[in-house]
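What follows is a set of notes on a single structure, which appears directly below.
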Amino acid sequence: MKLLPRSAFGQTVLLIGILLLINQVVSWVSMAIFYIQPNSQQIHQLLAKQIRVVFIDVKHSELSPAMAEAFQHETGIGLYREKDALQLGLAQAVYYPYRSDEMSKLLGGPAEVRITQGDEYLFWIRPPQAPRLWVKIPLTGLEEANFLPLLFFLSLIGVLSVAGGWLFVRQLNRPLKSLQRAAEEVGRGDFPEPLKERGTTEISAVTQAFNHMSKGIKQLEDDRNLLMAGISHDLRTPLTRIRLATEMMSGEDDFFKEGIESDINDMNSIIDQFIDYIRHDTKDKAEPGDLNYLIEEVVHTETPADRVIQFSAGDLPEIPLRYVAVKRVVANLIQNALRYTEGGIFIETGIEARVAASGPAVKYAYFSVCDEGEGIPEAEIDRLFQPFTQGDKARGTEGSGLGLAIIKRIVDTHGGKVILSNREQGGLQAKVYLPLSY
């Protein structure tokens, strides 16, 4: 059910609340069965015995006035006709069906019980032995049960128990929150300082394993960057010598010279793509920025003199951006569109809500780059962002096949998502979603 909490924190607090409620109900029922009911039965039996004493020697339900007055003087129990009883307080007495039924059973006939609460606690009973008379029996030390203190006490226990459980679970979940944030940073390519190993033994063990994993991933990342930097340096040196050699070639070899220079440029471009894929601007920190301004800047730079790119800017707030990295994403998408279509290119920005895999919809800022080219076969779309996918099957990649893989890698570090789809009117749409906040 959607009403039930999904987090361990919420489920634990809910469980504590349910168990506490069950405990309170059991306490009330137990008190009613083992205390209130026996006490009430004892009072009824006492009253029934006193009424039997009053009528033990009475014939035809009558008492002489002298006997009634003497009995009342000695015991405080009065015997009145209904008219007199109404004047003495019977009219203000409250009728109790449960007590009347119990008294009827004990007296062996229909009886009626009413109670007056005032300076005295008075029972008015119409016994079956004298239906035309009312017996007034005062009881001292007996008051109507007041359960407000008990209710307050149980409510206080409940509130303190739930609050204590809430604090306990919150303290228990704090290391998990830190672990979650650190895992998200690692997923974006950042490597935080090792987490403090605190909490229960199980959570400490998980934190320790995460620290080891993060350290290992960082070491692999550093080794890979060092390897690629070395390869780049070692490859560029002979390429530079080859370029110098071509400059010394005679004019008769211009055909070979142009081919060699074209191959050198392609190899340099491939090396740059390898470096971009490895680096993906990890040192470029995300800061609040204007996405519309960024796109306008790239459009102005990347638009050829003989082409037109239409940009429709939506109303966007400032969002966290790795400026250089996002500029590379926009530039790559525009270059792909220019390469694969001679028609128009359209870019727009806006805000859109997307439904997460678990949880409510989340709003994202987006920008889309659309062209009027031939599009891509639907069967190939799922594999477009795989590294080293080349040729017509991986639109937008040349040489190394890393262009779209670099785009996806940068968008992933922002916690966003990139989606490619064929347009109904023809052409391809690349839509990039970026979170409004980290």
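Summary of computed values
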read-out	value
Sequence ranges 77-89, 127-139, ranked by mean other-Cβ count within 10 angstrom, highest first	127-139, 77-89
Segment Glu378-Asp306, length gained on full extension (0.36 nm per residue, minus Cα span)	22.8 nm
Net charge contributed by nearby residues that have their C-beta within less than 11 Å of Val418 (K/R +1, D/E -1)	+3
Net length gained if the chain between Glu221 and Asp84 were fully extended (0.36 nm per residue, minus Cα distance)	39.1 nm
Summed side-chain charge close to Arg354 - residues other than Arg354 whose Cβ falls under 13 Å, Lys, Arg +1, Asp, Glu -1	+2
Descending semi-axes in Å of the stretch 149-209, equivalent ellipsoid built from Cα gyration tensor	37, 12, 6
Around Met103: net Lys/Arg minus Asp/Glu count, Cβ-Cβ under 13 Å	+3
Two-site FRET efficiency, Ile231 against Ser437, from Cβ-Cβ distance with R₀ of 45 Å, rounded to 0.05	0.75
Sites Val186 and Ser155 - FRET efficiency at Förster radius 56 Å, r taken between beta-carbons, to 0.05	0.75
By average C-beta atoms within 10 angstrom, highest first, the peptides 194-205, 333-344, 413-424	333-344, 413-424, 194-205
Fully extended contour minus Cα-Cα distance, from Arg52 to Lys363, at 0.36 nm per residue	103.8 nm
The stretch 82-105 residues near the modelled Gln45 label - backbone nitrogen below 16 Å, point 7 Å along Cα→Cβ	102-105
Mean Cβ neighbour count within 10 Å, used as a protection proxy, ranking 373-381, 426-434 highest first	426-434, 373-381
Table column - 3J(HN,Hα) (Hz), the stretch 39-46, Karplus curve with 6.51, -1.76, 1.60, x for Gly and Pro	5, 5, 5, 5, 5, 4, 5, 4
FRET efficiency, 1/(1 + (r/R0)^6) with R0 45 Å, evaluated for Tyr95 and Ser204 via beta carbons	0.10
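Any read-out appearing in this document is the output of simple, stated calculations on the displayed coordinates, not a laboratory observation. The structure displayed is predicted, hence computed values, not measured ones. Note that we place each Cβ from the backbone using ideal geometry, even for glycine, and neighbour counts take in every protein chain shown.
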